[in-house]
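No lab work stands behind these numbers, since they all come straight from the coordinates. Worth saying up front: this structure is predicted, and the values here are computed from it rather than measured. Note: ideal-geometry Cβ built from the backbone for every residue, glycine included; neighbour counts use all protein chains shown.
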Amino acid sequence: MPQWFSKLSKSSIPPPPIPSQRPPQQQVFNSGTQPAPNYRPVYLPHPSAVPDPYAHWREAETKAGAGSEARGGVADYTWQIPRLSLRIDDLSNPAIDIFLTNIKPQEAMRNAVISVLECLYTIQSQPRNVASVTLILRDFDGVAHTFGTPANDADKEIHFSTRHIKNNESRAQSEILGVLVHEMVHCFQYNAKGTCPGGLIEGIADFVRLRSSLAPPHWKRSPPSDSDRWDAGYERTAFFLDWIERVVGPGTIQAINEGMRRSKYDNGQVWRDVTGHDVERSISSFDTRFMTTSREEERT
C-alpha cells in the first residue's frame, strides 16, 4: 500500500451530501422511494438544446408574412401558385365530356404551373406578377393561345380549342396536359422586353413540355435539314434547346430566360452572356446524334 494512502485518514474524506440537499433532478434512486444504501450521487450532465431543424423555414415564413403583402404572406420556400379557374362556354359540346372525363382541372392546372416554375425558375427567382390564370374551353380553329386580360395583364387567360380536344380523343389526357403546360409557359416566361423572336418563345414553351415528358407522338428527333432553323419554333426549337441544356449544362435555358427578363434580345446577346459564344456557333457544332438519340437512351 502506498505510504501516502496509509496516512490518509477517513476523517479527511468529506461525507457524501445529504440526499435532501441534492437537486431532485440529479438524484439517482433505486426502485423504491428512498436513496440506496451507501448512496453516492451521480451528477448527470444537462442535455444540450436540440436545434430546431425548421427554424430557418419558420423565420422565412415569419418574414414573408410580415414583410410582403404582394406574396400574400406565403414564405419564399414555396412555389407561388396563382388563383386558378375554369370557364366553359358550352356544356353541350361533346369535347367537354372528354375533357372532364380525363382531367381534374384544378390538379392539372396546378401541376402545369409547377412544371413551368421548376423548369425555368428557382424558388427565389420565380415571377410574382401572375395573379390568376383562367382556362377557357370554347369552340375555335387551332389549338390554344394565351394572353393577359385587357383589364390587367397579371390576369392570364388560356383559350383551349374544344375542336382540338375532340380531334385528339384517343389520347385526350396526354394531349390536354401537354397543351396546358405549353400555354402555361406563356403565362410566366420572359420575352426580352418584347424583342424575343417568336420561334424562341414557342420553342421554350415546347422545351418545358418536352422536359415534362408530355411530347406528342408525332415529335421526332431527326437530323436537321438545310432548310431547318433552330428558331423555327415549337418542337424543332425545343429539341435544339434540349441539346443546349445537356451540352452546356443544367440550368442553361433557365439562365437564358432570366437574361431575357433583364434586357432586350439584341441579336442574341443573351446567348453570348450565358454560353460564352454566339448561338450560330452552337448551331455549327450541332451534333446530329443528340437529335437522333433519345434522352432515355442516353441515360442507359
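What the table below lists for this structure:
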| read-out | value |
| --- | --- |
| The range 84-160 - Debye-derived log10 I(q)/I(0), Cα point model, q = 0.18 Å⁻¹ | -0.84 |
| Residue 81-residue 170 pseudo-label distance in nm [points 7 Å out on the Cα-to-Cβ vector] | 3.4 |
